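Okay, structure first, notes after.
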Amino acid sequence: MEAAKKLGATVIVIFGAAGDLTWRKLMPAIYNLYLDQWIPDHFAVLGTAHTDISNEAFCKHVHDGIDKFSRTGKTKKSDWTAFQKFIQYKKGDFSDPSTYTAIKTQIDKLEKAWGEPVNRIFYMAVPPTFFEDIATRIGQSGLSANKQLSRIVIEKPFGRDLDSARHLNNLLHGLFDESQIYRIDHYLGKETVQNILAFRFANAMFEPIWNRNYIDHVQITVSEQLGVENRGNYYETAGALRDMIQNHLLQLMCLIAMESPISFNADEIRNKKVDVLNALRKFKPEDVHKNAVRGQYGAGWIEGKKVKSYRQEPDVNKASNVETFAAVKFYIDNWRWQGVPFYMRTGKRMNETISVVTIQFRPVPHHSFPVETTENWQPNRLILNIQPHMGIRLRFQAKQPGLKMLLNPVDMLFDYNDAYSGGTPEAYETLLLDIFQGDATLFMRADQVEAAWEILMPVINAWEANTSPNFPNYDSGEQGPEDAEALIAKDGHNWIIMPLEKNDHGLAK
Ligand code: BG6
């Protein structure tokens with residue numbers, strides 16, 4: 001296939017190859033890229049980790065993971081046999097220089113055999129405590145010396161506050177060019193998230209009303225039914241603000257609020273996005289409580305099953321002060337958005353798993369119809385459903401059929417499933433292919449990461465300094481704490497109700 005020919009010889013070295021991310025996400029994504037013929041003939045996955053297993057056992061583990069998690073279902077024997085040839089696993093100690101020498105020898109050998117320059121991708125699928133050491137050793141070993149061909153990929157969390165993020169950025173910049181660093185925010189690889197750009201900038205009709213003159217407020221909700229599962233150790237150092245708002249939700253907001261780019265060049269898009277972060281109104285310490293709400297789940301019921309409270313989860317402190325829910329209200333101080341509140345909330349163990357952006361338009365300036373005809377009058381609303389069901393819904397008023405003039409809100413719906421057949425790539429497929437091709441548009445640049453930390457530091461500081469007196473303050477299976485309702489209610493709004501009831505398309509009512 002033409003596309004596959006375009007990708008030159010490529011080696012992806014995965015540090016942490018025996019871990020969960022590789023198993024659930026990376027290998028199934030690489031496998032699907034292979035099925036879709038994006039993978040070149042000259043390709044290798046060099047997996048390394050502390051786990052002492054043979055290449056054969058590693059392949060079997062990868063095979064199981066693909067069968068379990070791939071969007072294309074179980075592997076076919078012939079496909080797997082062909083794909084398996086790309087995989088080479090070797091136990092390695094991340095802090096031992098010989099690990100890097102062995103990788104270099106292996107890449108040099110492949111380069112010689114293939115007779116063409118090899119793209120080298122170094123993927124850190126490891127806990128953040130290893131980032132510095134691995135990056136330093138890659139840099140010092142000369143593995144990444146060719147700046148055009150070598151890239152380093154870093155998973156979140158990128159730092160745990162502004163200082164640690166700056167420190168990591170400085171360290172990386174001492175070893176690599178910014179153009180070689182790919183900081184992953186997997187939300188940016190989601191189809192519907194990418195579609196926000198298409199929706200806004202490939203259509204002429206929305207842009208003229210996409211501002212404070214027509215938009216009343218914006219809501220971003222990312223709620224999950226899942227709890228912290230087996231990630232208590234990590235989550236105790238993070239919490240909802242660091243885990244979700246600092247990256248995924250602020251990035252969604254940037255896509256909604258950014259100015260139009262003059263091109264789809266990676267830096268142009270990222271410049272426009274970072275402008276939004278830089279324009280966010282800074283919280284004074286004394287204002288944090290007016291603009292940010294935290295919550296922690298107690299025991300409760302999810303889909304008819306009893307679930308534990310956060311404090312009872314494995315590896316979680318029994319008196320933990322870590323938030324599993326966060327809601328924040330932001331203002332963007334620029335011409336387009338002055339005075340328009342952006343509300344965001346995210347939480348674990350909520351009643352519904354859904355990610356949705358709601359653009360609430362202003363009411364009409366004058367009601368021409370008699371009051372009795374307009375009982376159900378609602379301002380226009382645009383809902384961008386990101387997951388689990390991808391779609392766009394525009395609510396407007398219509399005359400109810402009949403001899404009387406009665407107005408009702410109705411919805412116009414775009415449903416991805418109806419509009420397109422064929423599988424939707426997983427976020428990691430999109431992102432890995434972009435890394436292979438050297439396109440950084442969907443990745444976080446150093447300044448974006450730092451700007452996002454900077455805006456949240458007053459909230460982080462306030463929450464760490466003061467233990468929450470009422471944790472746990474929402475039951476599992478609820479919509480978060482009452483304070484989150486108050487945050488938005490005091491401005492005369494309410495969170496757009498999450499879809500307990502679904503229509504035929506499974507989209508939010
Ligand atoms: C991750 C967070 O970045 O995103 C998790 O660390 C969260 O806590 C996950 O569950 C949500 O991602 P998705 O794609 O399932 O919405």
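Could you pull out which residues in segment 393-421 have an amide N less than 17 Å from a spot 7 Å beyond the Cα of residue 494, following the Cα-Cβ vector?
409
Counting heavy atoms of the protein chains only and a 1.4 Å probe, report the per residue accessible area for the chain as a whole number of Å².
45 Å²
List the aspartates and glutamates whose alpha-carbon lies under 12 Å from that of residue 6, not counting same-chain residues fewer than 8 positions away?
Cα-Cα hits under 12 Å: 41.
Which one of 377, 346, 331 has its Cα pushed farthest toward the positive end of the charge dipole of segment 315-470, where Lys and Arg give +1 and Asp and Glu give -1 at the Cβ?
After comparing all options, I get 377.
Distance in nm between label sites at residue 368 and residue 312, each 7 Å beyond Cα in the beta-carbon direction?
Result: 6.0 nm between the two label points.
What relative contact order, as a whole-number percentage, does segment 71-152 give when Cα pairs under 8 Å and 6 or more residues apart are counted?
On the way: 42 pairs, mean separation 26.7, N = 82.
Across segment 71-152, relative contact order equals 33 percent.
Strictly over 20 Å apart at the Cα level, which of 305/348; 68/91; 306/348; 25/60 would you flag in this model?
Beyond 20 Å between Cα atoms: 68/91.
In a shell of Cβ-Cβ distance under 12 Å around residue 396, excluding residue 396 itself, what net charge do Lys and Arg (+1) and Asp and Glu (-1) give?
Computed value for this residue: +3.
Dipole magnitude of the chain about its Cα centre, charges +1 at Lys/Arg Cβ and -1 at Asp/Glu Cβ only, in debye to the nearest 20?
340 debye
Got a sec? What order do 253, 405, 412 fall in by accessible area at 1.4 Å, biggest, i.e. largest, first? Spell out each step's value before the answer.
Numbers: 253 0, 405 80, 412 105 Å².
The ranking, largest first, comes out as 412, 405, 253.
Where in segment 275-372 are there chymotrypsin sites (Phe, Trp or Tyr not before Pro) that are in a DSSP coil and have at most 12 other Cβ atoms within 10 angstrom of their Cβ?
In loop regions of segment 275-372 (DSSP not H, G, I, E or B), the sparsely surrounded chymotrypsin sites (Phe, Trp or Tyr not before Pro) are 335.
I want to check the label-to-label distance for residue 237 and residue 68. Put each point 7 Å from Cα in the C-beta direction and report it in nm to one decimal.
If labels sit at residue 237 and residue 68, their model points lie 2.4 nm apart.
If each DSSP helix of 4+ residues adds -39,500 (n - 2.57) and the sum is divided by the residues in the chain, what number results at 222 nm, nearest 500 deg cm²/dmol?
-9500 deg cm²/dmol
Quick one: compute the contact order of the chain, relative version, from alpha carbon pairs under 8 angstrom and 6+ residues apart, as a percent.
It comes to 17 percent, rounded to a whole number.
What relative contact order, as a whole-number percentage, does segment 40-102 give when Cα pairs under 8 Å and 6 or more residues apart are counted?
53 percent
Hey, can you rank 477-483, 102-108 by average C-beta count inside 10 Å, highest first?
Values: 477-483: 20.9, 102-108: 15.4.
Final packing ranking: 477-483, 102-108.
To the nearest 10 degrees, how steeply does helix 97-114 sit against the main Cα axis of the chain, on a 0 to 90 scale?
Result, in degrees: 80.
Once R0 is set to 56 Å, what does the formula 1/(1 + (r/R0)^6) return for the Cβ-Cβ distance between residue 90 and residue 211, expressed as a FRET efficiency to the nearest 0.05? Can you show the working numbers first?
Working: r = 55 Å, r/R0 = 0.98.
That gives a FRET efficiency of 0.55.
Starting from the Cα-Cα distance between residue 334 and residue 82, subtract it from 0.36 nm times their residue separation and give me the gain in nm to one decimal.
Value of the extension gain: 85.3 nm.
Between segment 385-462 and segment 216-255, how far is it from one alpha carbon centroid to the other, in angstrom?
Taking the Cα centre of each part, segment 385-462 and segment 216-255 sit 15 Å apart.
Please compute the net charge surrounding residue 138, taking Lys and Arg as +1 and Asp and Glu as -1 over other residues with Cβ under 12 Å from its Cβ. Don't jump to the answer; show the numbers that get you there.
Values: positive: 104, 120, 137, 151; negative: 132, 133.
Taking every Cβ under 12 Å from that of residue 138, the sum is +2.
Could you let me know the centre-to-centre spacing of segment 1-59 and segment 87-129, using Cα atoms, in angstrom?
12 Å
Sorted by mean Cβ packing within 10 Å, highest first, what order do the peptides 213-225, 345-357 take?
Highest-to-lowest ranking by the protection proxy: 345-357, 213-225.
Give me the net charge of residue 47's neighbourhood, meaning all other residues with Cβ under 11 Å from the Cβ of residue 47; Lys, Arg count +1, Asp, Glu -1.
On the way: positive: 90, 91; negative: none.
Once all neighbours under 11 Å are counted, the net charge is +2.
Computing the accessible area with a 1.4 Å probe over protein heavy atoms, can you report the carbon and sulfur percentage for segment 233-285?
Accessible surface attributable to carbon and sulfur in segment 233-285 totals 52 percent.
Mind checking segment 263-305 for GluC sites (Glu not before Pro) that DSSP puts in a loop (not H, G, I, E or B) and that have at most 15 other Cβ atoms within 10 Å? Kindly include the intermediate steps, with their values, before the conclusion.
Numbers: sites: 268, 286, 303; in loops: 303.
Of the GluC sites (Glu not before Pro), the ones in loops of segment 263-305 whose Cβ has at most 15 other Cβ atoms within 10 Å are 303.
The values are calculated or read from the model by the stated rules, or taken from the named source; none is laboratory data. Here the structure is a predicted model, which is why all the values come from computation and not from measurement. Cβ coordinates were reconstructed from backbone atoms using ideal geometry, including for glycine residues, and neighbour counts include every protein chain displayed. To get the accessible areas, we keep the full protein, side chains included, count just its heavy atoms, and leave off ligands, DNA and RNA. Shrake-Rupley method; radii C 1.70, N 1.55, O 1.52, S 1.80 Å.
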